[in-house]
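**Student:** The structure that follows is given in the form of structure tokens.
The values are calculated or read from the model by the stated rules, or taken from the named source; none is laboratory data. Quick caveat, the model's predicted, so the values are computed rather than measured. As a convention, Cβ positions derive from the backbone with ideal geometry for all residues, glycine included, and neighbour counts pool all protein chains shown.
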Amino acid sequence: MCLAHGLRRAGVDVAVYERDRTRASGLHGYRVGIDPHGSRALKACLPPELYRTFVATCAKAPERFMFLDERLRPTLTLTLREPTDDVNDEKSVSRMTLRQVLFTGMEDVLHFDKTFVRYQHEPDGRVTAHFADGTSDTGDVLVGADGVHSPVRKQRLPHARLEDAGIIAVAAKVPTTPEALSLMPGGLFPGIGMVLAPRGMACILHSMEFPWTADGRPKSGIGGSDRELLAAWPGLLFDNTRDYLNWGFWASTDKYPADVMQRSGADLARLVTAMTPRWDPRLHRLFALTDASTCFPITIRTSVRVEPWPTDNVTLLGDAIHTMTPGQGVGANTALRDAHNLVRALTGGRPLLDAVRDYEREMIEYGFKAVEASKKQTGGDQLVHRPVVGRVALAAQRTFLRATDRIPALKRRFEAELYEVRG
Ligand SMILES: Cc1cc2nc3c(=O)[nH]c(=O)nc-3n(C[C@H](O)[C@H](O)[C@H](O)COP(=O)(O)OP(=O)(O)OC[C@H]3O[C@@H](n4cnc5c(N)ncnc54)[C@H](O)[C@@H]3O)c2cc1C
């Protein structure tokens, strides 16, 4: 959608085919963190008013990043910098809300209930996409932005492979109530909590507080222009996102029972509690307060690097080409960066195939760099998941985090690296 906005603003005729049946279908996960790379891409591609709507529909921005142990004791607390503008900050976004923002104003080019099945090149060099309902459309370029199991990739680069990262995650929402909030350590919210526990188990905690009330009206106390934007934005009619806390637990696959992928809801939340007997009871209570309809397991996959391929007019972006583990929280941001780069390439006046080749050359480089860095951070083969050496690795990690918390020079370096990765 970011690519479609950018191309359309540059005067290119675009059509988007989405398999979801309607604008409001699907449960597209919960929170996604948009960093300056992602914001920069959105700002460049979206009409200015829609970008302002995107900013106005974010949850309250995280103010700190806290590493905690399994008893919820902080090991390192980073205070995030105050934003200097509407790009250079960390944004907490609800996926469904972001989708609604991106669909806004695109009704005439967006086709729902269209499942892509295959493409073919026409004698004049153009490309036709075929959909499961028997319809098709022909264009100069086809971009597969169809996610981890991309059927466009399977046809375009049949040798491209995904690997199981050896990690299963369980994520869920908890409605924001005074009880749920009281379970979290003081000073954590609005912020991001990262629990790093023995046996390589970990849990990320977010609070998502939106500028609208439970009945979808702008909350009092929000700025006048945001209030007007929200009141006028049709997306809120399709989005039932309300304030919530989000937890995401992960562990290496061998720590779970064999049937974990068949479990869901309250049963799955109870499983997480059973797997973490020594964790703080406040975390167990949080798991128990989970909205059962939102609790699912996710097998984490990662792309295997693909060597550059001969360019044609079918290309790929985002998870379709570089799926990464959530280790660095940059998969969506990298997809947005691709979209921005592809808009620039396709509208830069270069011959079509040269433009696609330039885009692919750059994208393969930073895309797979992000895949590899993410796997290093959250992969089932990391030392922390191993029986004995894992305890030593965790102890070293905690010593490092505590030292970083106390020694200003180390803290500055840690922050500088974090800001570098996040654009
Ligand atoms: C637990 C978890 C947490 C994460 N947190 C973050 C984070 O904080 N920050 C971050 O940057 N990234 C995060 N990511 C990664 C991020 O979710 C993905 O990288 C991102 O969603 C990729 O975007 P995409 O547009 O390429 O693919 P998707 O978001 O998967 O979108 C693909 C679209 O294509 C449609 N589609 C699929 N098949 C077809 C078909 N055959 N025909 C038509 N349409 C089709 C789908 O319905 C969907 O709309 C996280 C991932 C996980 C698993």
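**Student:** Could you please give the count of residues in the stretch 173-209 that are within 12 Å of the ligand (Cβ to nearest atom) and β-branched (Val, Ile, Thr)?
**Tutor:** Residues in the stretch 173-209 being within 12 Å of the ligand (Cβ to nearest atom) and β-branched (Val, Ile, Thr): 2 in total.
**Student:** Kindly indicate the residue of the stretch 351-390 that is in contact with a helix residue (DSSP H, G or I) (Cβ under 6 Å, 6 or more places away or on another chain) and of a type in the set (Ser, Thr, Tyr) and also nearest to Thr299 (Cα to Cα) among those meeting that condition.
**Tutor:** That would be Thr378.
**Student:** Listed residues Val117, Val170, Val148; which is in a loop (DSSP other than H, G, I, E, B), within 16 Å of the ligand (Cβ to nearest atom) and at pLDDT 95 or above?
**Tutor:** Exactly one residue qualifies, and that residue is Val148.
**Student:** Kindly evaluate Thr75 against the criterion of being within 24 Å of Gly329 (Cα to Cα), more than 16 Å from the ligand (Cβ to nearest atom), over 20 Å from the mean Cα position of the chain (by Cα) and of a type in the set (Val, Ile, Thr).
**Tutor:** Taking the combined requirement at face value, the residue satisfies it.
**Student:** Quick check on my filter: what residues within the stretch 298-338 are more than 8 Å from the ligand (Cβ to nearest atom), among the small types (Gly, Ala, Ser) and under 15 Å from the mean Cα position of the chain (by Cα)?
**Tutor:** The answer is Gly327, and nothing else.
**Student:** Go through the residues of the stretch 220-230 one by one and say whether even a single one is of a type in the set (Gly, Ala, Ser) and modelled with pLDDT of 95 or more.
**Tutor:** No, the conditions are met nowhere in the stretch 220-230.
**Student:** Further, regarding this structure: Six or more apart or on different chains, Cβ atoms under 8 Å: show the pairs whose first residue is in the stretch 362-384 and without any contact (Cβ under 8 Å) to a residue 60 or more places away in the chain and whose second is part of a helix (DSSP H, G or I) and among the small types (Gly, Ala, Ser).
**Tutor:** Within 8 Å, the pairs are Ala370/Gly331; Ala373/Gly327; Lys376/Gly327; Gln377/Gly327; Leu383/Gly390; Leu383/Ala393.
**Student:** Sort through Arg344, Arg337, Arg301 and tell me the only one that's part of a strand (DSSP E or B), of a type outside the set (Ser, Thr, Tyr) and closer than 24 Å to Met1 by Cβ. It would help to see each step written out before you state the result.
**Tutor:** Numbers: Arg344 fails: part of a strand (DSSP E or B); Arg337 fails: part of a strand (DSSP E or B).
The conditions single out Arg301.
**Student:** Going through the stretch 258-275 one residue at a time, which ones are in a loop (DSSP other than H, G, I, E, B) and more than 13 Å from Val170 (Cα to Cα)?
**Tutor:** Hits for the stretch 258-275 are Ala258, Asp259.
**Student:** Can you tell me which residues in the stretch 232-242 are among the charged types (D, E, K, R) and surrounded by fewer than 18 Cβ atoms within 10 Å (Cβ to Cβ)?
**Tutor:** Once the filter is applied, which keeps residues that are among the charged types (D, E, K, R) and surrounded by fewer than 18 Cβ atoms within 10 Å (Cβ to Cβ), the stretch 232-242 yields only Arg242.
**Student:** Name the residue that is farthest from the ligand (Cβ to nearest atom), counting only residues in the stretch 81-96 that are among the polar types (S, T, N, Q) and in a strand (DSSP E or B).
**Tutor:** Once the filter is applied, the top-ranked residue is Ser94.
**Student:** Of the residues Glu49, Glu63, Glu107, which single one is more than 22 Å from the chain's Cα centre (by Cα), over 30 Å from Gly134 (Cα atoms) and of a type outside the set (Gly, Ala, Ser)?
**Tutor:** Details: Glu63 fails: more than 22 Å from the chain's Cα centre (by Cα); Glu107 fails: over 30 Å from Gly134 (Cα atoms).
Exactly one of Glu49, Glu63, Glu107 is more than 22 Å from the chain's Cα centre (by Cα), over 30 Å from Gly134 (Cα atoms) and of a type outside the set (Gly, Ala, Ser), namely Glu49.
**Student:** When the residues of the stretch 345-367 are filtered to those that are more than 16 Å from the ligand (Cβ to nearest atom) and under 23 Å from the mean Cα position of the chain (by Cα), which remaining residue is surrounded by the fewest Cβ atoms within 10 Å (Cβ to Cβ)? Spell out the reasoning first.
**Tutor:** Narrowing the stretch 345-367 to residues more than 16 Å from the ligand (Cβ to nearest atom): 345-358, 361-362, 365.
Now restrict to residues that are under 23 Å from the mean Cα position of the chain (by Cα): 362, 365.
Working: Glu362: 15, Glu365: 11.
Checked the stretch 345-367; the qualifying residue surrounded by the fewest Cβ atoms within 10 Å (Cβ to Cβ) is Glu365.
**Student:** Looking at Asp108, Asp133, can you tell me which residue is within 14 Å of the ligand (Cβ to nearest atom), of a type outside the set (Lys, Arg), free of Cβ contacts under 8 Å to residues at least 24 places away in the same chain and over 24 Å from Thr323 (Cβ atoms)?
**Tutor:** Asp133
**Student:** Kindly indicate whether any position in the stretch 16-39 is within 30 Å of Leu205 (Cα to Cα), more than 10 Å from the ligand (Cβ to nearest atom), assigned to a strand (DSSP E or B) and in contact (Cβ under 8 Å) with a residue 60 or more places away in the chain.
**Tutor:** Scanning the stretch 16-39, I find no residue that is within 30 Å of Leu205 (Cα to Cα), more than 10 Å from the ligand (Cβ to nearest atom), assigned to a strand (DSSP E or B) and in contact (Cβ under 8 Å) with a residue 60 or more places away in the chain, so the answer is no.
**Student:** Report whether or not Arg99 is at pLDDT below 95 and either within 14 Å of the ligand (Cβ to nearest atom) or assigned to a strand (DSSP E or B) (or both).
**Tutor:** Spelling it out, Arg99 is indeed at pLDDT below 95 and either within 14 Å of the ligand (Cβ to nearest atom) or assigned to a strand (DSSP E or B) (or both).
**Student:** For the stretch 42-59, enumerate the residues that are crowded, with 21+ Cβ neighbours inside 10 Å and of a type in the set (Asp, Glu).
**Tutor:** Matches in the stretch 42-59: none.
**Student:** I'm trying to understand the selection: among the residues of the stretch 345-359, which are touching a residue at least 40 places away in the same chain (Cβ under 8 Å), of a type outside the set (Ser, Thr, Tyr) and out of contact with any strand residue (DSSP E or B) (no Cβ under 8 Å at 6 or more places or on another chain)?
**Tutor:** Scanning the stretch 345-359 gives Leu346, Leu352, Leu353, Arg357.
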